[in-house]
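The values are calculated or read from the model by the stated rules, or taken from the named source; none is laboratory data. Source: prediction; values computed, not measured. Backbone-built Cβ (ideal geometry, glycine too); neighbour counts: all protein chains shown.
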Amino acid sequence: MGSEFGATAESKAQIDLGPVTIWWAVWGCLWTTVVVAGMVYLIINRNMPTLRIRGLGLSLTSIVILHLYWIPTQFGTMLGPVLPGDCGYWLMGTLLPCGMALFHGSNTRFLHVANQQKKFAVDADYLGDSAPVAPPSGLIGRYKRAKYTTKIIFWCAIAMFSQVFLTILMWLISRKYHSSWGIPGTQVTGTPMEILAKQGAGWEWWPSLCMQFFWSWLVAPFVLWKSRSIHDTHGWRIQTIGCAVAGLHATPMWLVGIYVPQMAPVNKVWVPPQWICLSIMIIEIFTVLLPCWEVMRHQNLRQETLDSIARWEVKVKSTGSEEKSVHSESTMVASMISGWKSNSSTTTFNSRDSILTMGALEHVLERNPGPLQEFSALREFSGENIVFLTNVAEWRNKLPEAMKDRAAMGDKSNRDIIRSAFNRALHIYAEFISVRHAEFPVNISHQELKKLEDIFEKPTRLIYGEERECDPTSPFDKFAFDLPSPASADSEKTMQSAMAAPIRDRVQYWGDIPAEFEASIFDAAEASIKYLVLTNTWPKFIKDRRGSIESFDTLKGMEV
């Protein structure tokens, strides 16, 4: 039996500069360079849709901690005989379990996002179903209101604190690493190299081993099983599967390398912790390099879409018409779009270039956004974009005439209808734009976000409970609860029905409406999200439909 880094009783207390040790040192530097370059690339492109949903902060932090364990292990065969006996113990008892806890915690975000996006697929009129009027107070209330990442960090912090505490406790009570204090009988004797070899195993390592088994053999398979029916377009499911499978062999093979004498020849060139490092490498491939490839693929797809739009515009200018003959390659795609009938005069989108234009997207959003919305929510994890666009379009269609005239908006007789339009706009902001209230805020520019925050954020906090400003003598001035009168015959039943309604139907904002509020308040945000959908979700949706549709008959059911 040897030590954590392969030192045995026959080893010499000197640095090994053989070919194998030099190879591992060079390999450690090269792979570190690749991982760092990949992480920098992800950070630079962190606002890309495929990365924005992943929560890079937590996953990359875990990769850094795991790599800090990975690097010294690559130098283990070179420096093992001269390293302190508890060096490997501290590395495995602190960096490894902490990195694993953070990583597998961040990996559960995949399930959270997939489950939360389902509500966008089944309910187009999503507004107001999730926000409580009066959030619970105290520590429990703060925990419930916290973002999912914050909750994961909380539980991971408890696991990491417990692991580090047990690691320190085992080190203190065992005399294996110090002979002046600890439990009698736990010390080891022999030559310095014999002591070094014996320090590489023992009951002191059990907390770390149990924690590794917990994350790799319980949490990871659970996430793997729960994600079996999820099929996204970002490669996130592949990443989750790869990372879950990668950790299964690590701890068992480490135990084999430490306790099985027949592994001694292998340990000379491949120390036991390198089985764990192999797992870490696979995790880094799926967590860093695979998303890099996904970003490049997304950029290529976006460029192809823009090129298609440019080609179509050139054809339109040269022919003066958007009508084209149907080509065999694009017959199904053209049929899919033309199958969504319009009650008014419509344009026949019958080529691959025309179907990728903004006009085609707007046609589908107006006539039948359901299939696109379902794809966006269940496959793209961006259902909030389609629901935001449809809600803004609905809000704009219901705007009163007074909203279209600035002078009429100042008329007191129009105050109620303008307030109604403002309340509807306020809930659109709260559910899809506010970074404090929306579960999945749409991705708009900072300038546009700041503009909307100045108009809606204060009323939103009043309505959604994070801020309450009222006069103690008239505490309900800013709220209107549309509840029935107690004198009505069915007051109790009606009241229960009203309280079960969405927040927008029960609570209205009655404060001052900002002067900046107007009919075009969402125009810039809407244009930004439409462009995002056009260059990201829309071409993937068209490609998916073209691959899944087997005959024209299957398109008949998609007609409005």
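Could you please find all residues in segment 43-70 being under 26 Å from Asn267 (Cα atoms) and in contact with a Gly (Cβ under 6 Å, 6 or more places away or on another chain)?
Scanning segment 43-70 gives Ile65, Leu66.
Scan segment 422-434 and report the pairs whose first residue is under 15 Å from Val387 (Cβ atoms) and whose second residue is acidic (Asp, Glu), with Cβ atoms within less than 6 Å and a gap of 6+ or a chain change.
Once the first residue is under 15 Å from Val387 (Cβ atoms) and sits in segment 422-434, its partners that are acidic (Asp, Glu) give Phe432/Glu384.
Could you tell me whether segment 182-189 includes any residue that is of a type in the set (Ser, Thr, Tyr) and either surrounded by fewer than 15 Cβ atoms within 10 Å (Cβ to Cβ) or outside the structural domain of Ala101 (by TED's automatic domain parsing) (or both)? Break it down into steps so the answer makes sense when it comes.
Here is the first cut: in segment 182-189, the residues of a type in the set (Ser, Thr, Tyr) are 186, 189.
Narrowing further to those that are either surrounded by fewer than 15 Cβ atoms within 10 Å (Cβ to Cβ) or outside the structural domain of Ala101 (by TED's automatic domain parsing) (or both): 189.
So far as segment 182-189 goes, yes, one or more of its residues are of a type in the set (Ser, Thr, Tyr) and either surrounded by fewer than 15 Cβ atoms within 10 Å (Cβ to Cβ) or outside the structural domain of Ala101 (by TED's automatic domain parsing) (or both).
Here is a list: Ser216, Ser208. Which entry is under 23 Å from the mean Cα position of the chain (by Cα), surrounded by 16 or more Cβ atoms within 10 Å (Cβ to Cβ) and over 14 Å from Ala7 (Cα atoms)? Talk me through it step by step, then tell me what you get.
On the way: Ser208 fails: under 23 Å from the mean Cα position of the chain (by Cα).
Answer to the check: Ser216.
Outside any helix (DSSP H, G or I) and either surrounded by 16 or more Cβ atoms within 10 Å (Cβ to Cβ) or modelled with pLDDT under 85 (or both): does that describe Ser106?
no
Would you mind stating whether Val133 is modelled with pLDDT of 85 or more and either part of a loop (DSSP other than H, G, I, E, B) or more than 30 Å from Pro84 (Cα to Cα) (or both)? Even if it seems obvious, please write down each step before you answer.
Details: modelled with pLDDT of 85 or more: no; either part of a loop (DSSP other than H, G, I, E, B) or more than 30 Å from Pro84 (Cα to Cα) (or both): yes.
Criteria not met by Val133.
Tell me the residue from Leu96, Leu139 that is closer than 30 Å to Val34 by Cβ and either in a helix (DSSP H, G or I) or modelled with pLDDT under 85 (or both), please. Full working, then the answer.
Numbers: Leu139 fails: closer than 30 Å to Val34 by Cβ.
So the residue among Leu96, Leu139 that is closer than 30 Å to Val34 by Cβ and either in a helix (DSSP H, G or I) or modelled with pLDDT under 85 (or both) is Leu96.
Here is a check on your reading of the model: is Val26 surrounded by fewer than 21 Cβ atoms within 10 Å (Cβ to Cβ), of a type in the set (Val, Ile, Thr), at pLDDT 90 or above and under 30 Å from the mean Cα position of the chain (by Cα)?
Numbers: surrounded by fewer than 21 Cβ atoms within 10 Å (Cβ to Cβ): yes; of a type in the set (Val, Ile, Thr): yes; at pLDDT 90 or above: yes; under 30 Å from the mean Cα position of the chain (by Cα): no.
No; evaluated as a whole, the condition is false for this residue.
Could you look through segment 394-448, keep only residues that are of a type in the set (Ser, Thr, Tyr) and within 20 Å of Pro459 (Cβ to Cβ), and pick out the one that is modelled with the lowest pLDDT? Walk me through how you get there before you give the answer.
Applying the first criterion (of a type in the set (Ser, Thr, Tyr)) to segment 394-448 yields 413, 420, 429, 434, 445.
Those left that are additionally within 20 Å of Pro459 (Cβ to Cβ): 420, 429, 434.
Details: Ser420: 85, Tyr429: 93, Ser434: 91.
The residue in question is Ser420.
Across segment 224-243, what is the number of residues that are touching a Phe, Trp or Tyr at 6+ places or on another chain (Cβ under 9 Å) and either surrounded by 20 or more Cβ atoms within 10 Å (Cβ to Cβ) or among the polar types (S, T, N, Q) (or both)?
Here the count works out to 8.
Taking the condition in contact with a helix residue (DSSP H, G or I) (Cβ under 7 Å, 6 or more places away or on another chain), over 16 Å from Met92 (Cα atoms), among the acidic types (Asp, Glu) and surrounded by 18 or more Cβ atoms within 10 Å (Cβ to Cβ), does Glu284 pass?
Against the criterion (in contact with a helix residue (DSSP H, G or I) (Cβ under 7 Å, 6 or more places away or on another chain), over 16 Å from Met92 (Cα atoms), among the acidic types (Asp, Glu) and surrounded by 18 or more Cβ atoms within 10 Å (Cβ to Cβ)), Glu284 qualifies.
Every residue, every condition in (1) crowded, with 19+ Cβ neighbours inside 10 Å; (2) hydroxyl-bearing (Ser, Thr, Tyr); (3) outside any helix (DSSP H, G or I), yes or no:
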residue: Lys12; (1), (2), (3): no, no, yes
residue: Val20; (1), (2), (3): no, no, no
residue: Val35; (1), (2), (3): yes, no, no
residue: Leu42; (1), (2), (3): yes, no, no
residue: His67; (1), (2), (3): yes, no, no
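Given the condition surrounded by 20 or more Cβ atoms within 10 Å (Cβ to Cβ), free of Cβ contacts under 8 Å to residues at least 24 places away in the same chain, on the phi < 0 side of the Ramachandran plot and not in a loop (DSSP other than H, G, I, E, B), answer yes or no: does some residue in segment 257-270 qualify?
yes
Checking Gln74 against (1) surrounded by 20 or more Cβ atoms within 10 Å (Cβ to Cβ); (2) within 30 Å of Val435 (Cα to Cα): exactly one of these is not met. Which one?
Only one criterion is unmet by Gln74, namely (2).
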